Amino acid sequence: MSAFSDYDLVNRNPLKKKIFSINDDFQNRLIKLSFERIFLFLKDIIPDFKLEISSDECARNFKKSFAAAKAQNLISYGGIPEKNYLALSIISQLLNPSLYVESGFFKGSSLLAVSDAKNLKHIIGFDPIHSEYKAKLPIDIKLTLLKTDFSKYNFEDENLTSSLVYFDDHINTAERILQASDKGFKNLIFDDSCGLMGTAERIYPSLPSLFFIDNVNKLIEGDKIEWSKDREKKFNFFNFFSFSLKKKKYFSFQFDKTTIDLCKKARERISAIHKIPDLNDYIYTERQMPNDITQHLVTLK
Ligand SMILES: C[S@@+](CC[C@H](N)C(=O)[O-])C[C@H]1O[C@@H](n2cnc3c(N)ncnc32)[C@H](O)[C@@H]1O
């Protein structure tokens, strides 16, 4: 008996040099299966949740939008990876908001992912930097892109009863929860607001992030996290010669009284925090990603 060989059914033909491939029909079935997964997730947590779209239609919309996102080079550095694009696309089609607000739109990959929601009339995006934005969204959706901060914007003229807010700005989740709650939003999605491992993998980890807000009663003044991260700078000379320089950066975060009080205030506004199902089982993610790229759905009181 040699190691691994006895019942191994995998074809290890070295001449087949595919990085990754799956037949179309198989992928379609997996997309529909991921729809079932997200549907059950939402049905469990949202009272009176009504199904207004079929898995066929949802999967068709996703495929079209995902192909457009790839063609626009949005599934790349800084944008959301494949499985999060899929989750966002299905969630937005199922929740079907008329207003979508995003803080941290960067190149616009998540904006395109949500834009298949049938009722969607208006997208309001916030980001201090607009030079990276390149998504082409459906023209029948009003698009307002702003450099002001989410906290400064007055949503009084908007209908918040059918709204979804997505935070991908990697800053202070507790403040974002308080601001969103003050403005009257109920359904929020947070990207990159993780626990210990997810924090230690990021330069901008949204601290105090959801896990620590949720567990604020276990925090003690002086609790401290220290971590490091390689920052890589790539240099490319006329596509002829390239090299990269790595420099380790060091970070720390301490839970002082003010931060703990802030977490407590934010916790009081939260009705529930849910990890959005990880869709690794259904779609291949090509890019090297951090260990934890969980998205969370947060419902406010
Ligand atoms: C990871 S990127 C967002 C990716 C984006 N959602 C996408 O799919 O392309 C984070 C973005 O947050 C933005 N950002 C930083 N501070 C911000 C703030 N105060 N408000 C809104 N966006 C901010 C950054 O400029 C950056 O574009």
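The values are calculated or read from the model by the stated rules, or taken from the named source; none is laboratory data. Every value quoted in this text rests on a predicted model; they were computed, and no experiment measured them. When we count neighbours, we look across all protein chains shown, and the Cβ atoms used for this are built from the backbone with ideal geometry, even at glycine.
Tabulated data for the structure shown
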quantity	calculated
Count - residues of the stretch 4-59 that are in a helix (DSSP H, G or I), among the hydrophobic types (A, V, I, L, M, F, W, C) and over 22 Å from residue 96 (Cβ atoms)	2
Residue in the stretch 122-138 that is at pLDDT 95 or above, of a type in the set (Val, Ile, Thr) and near the ligand (Cβ under 10 Å from one of its atoms) present	yes
Hey, residue 75 within 16 Å of the ligand (Cβ to nearest atom), within 18 Å of residue 289 (Cβ to Cβ), of a type in the set (A, V, I, L, M, F, W, C) and in contact with a Phe, Trp or Tyr (Cβ under 7 Å, 6 or more places away or on another chain) or not	yes
When residues of the stretch 278-301 are limited to those that are out of contact with any His (no Cβ under 8 Å at 6 or more places or on another chain) and hydrophobic (A, V, I, L, M, F, W, C), the one modelled with the lowest pLDDT	289
Test: residue 272 is crowded, with 16+ Cβ neighbours inside 10 Å and small (Gly, Ala, Ser)	no
Failed condition for residue 186, given (1) more than 16 Å from the ligand (Cβ to nearest atom); (2) over 19 Å from residue 165 (Cβ atoms); (3) in contact (Cβ under 8 Å) with a residue 12 or more places away in the chain	(2)
Given (1) at negative phi; (2) touching a strand residue (DSSP E or B) at 6+ places or on another chain (Cβ under 9 Å), index of the condition residue 66 fails	(2)
Answer from 218, 234, 247, 229 - the residue that is surrounded by fewer than 10 Cβ atoms within 10 Å (Cβ to Cβ) and under 17 Å from residue 194 (Cβ atoms)	218
The stretch 78-111, residues that are within 8 Å of the ligand (Cβ to nearest atom), in a helix (DSSP H, G or I) and in contact with a helix residue (DSSP H, G or I) (Cβ under 9 Å, 6 or more places away or on another chain)	109, 110
Residue that is nearest to residue 294 (Cα to Cα), among those in the stretch 179-201 that are buried (at least 18 other Cβ atoms within 10 Å of the Cβ) and among the aliphatic types (A, V, I, L, M)	189
First in the stretch 116-140 and in a loop (DSSP other than H, G, I, E, B) and of a type in the set (Gly, Ala, Ser), second anywhere and within 16 Å of the ligand (Cβ to nearest atom) and modelled with pLDDT of 95 or more, Cβ under 7 Å, 6 or more apart	117/92; 135/72; 135/74; 135/107; 135/108; 135/109; 135/111; 135/112
Filter result (assigned to a helix (DSSP H, G or I) and closer than 24 Å to residue 293 by Cβ) within the stretch 149-178	150, 173, 174, 175, 176, 177
Among residues of the stretch 147-171, those that are near the ligand (Cβ under 9 Å from one of its atoms) and surrounded by 14 or more Cβ atoms within 10 Å (Cβ to Cβ), counted	9
Some residue of the stretch 193-213 being in a helix (DSSP H, G or I), in contact with a helix residue (DSSP H, G or I) (Cβ under 9 Å, 6 or more places away or on another chain) and within 16 Å of the ligand (Cβ to nearest atom)	yes
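Okay, residues lined up against (1) surrounded by fewer than 20 Cβ atoms within 10 Å (Cβ to Cβ); (2) farther than 17 Å from residue 279 by Cβ; (3) of a type outside the set (A, V, I, L, M):
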residue: 38; (1), (2), (3): no, no, no
residue: 52; (1), (2), (3): yes, yes, yes
residue: 73; (1), (2), (3): yes, yes, yes
residue: 83; (1), (2), (3): no, no, yes
residue: 86; (1), (2), (3): no, no, no
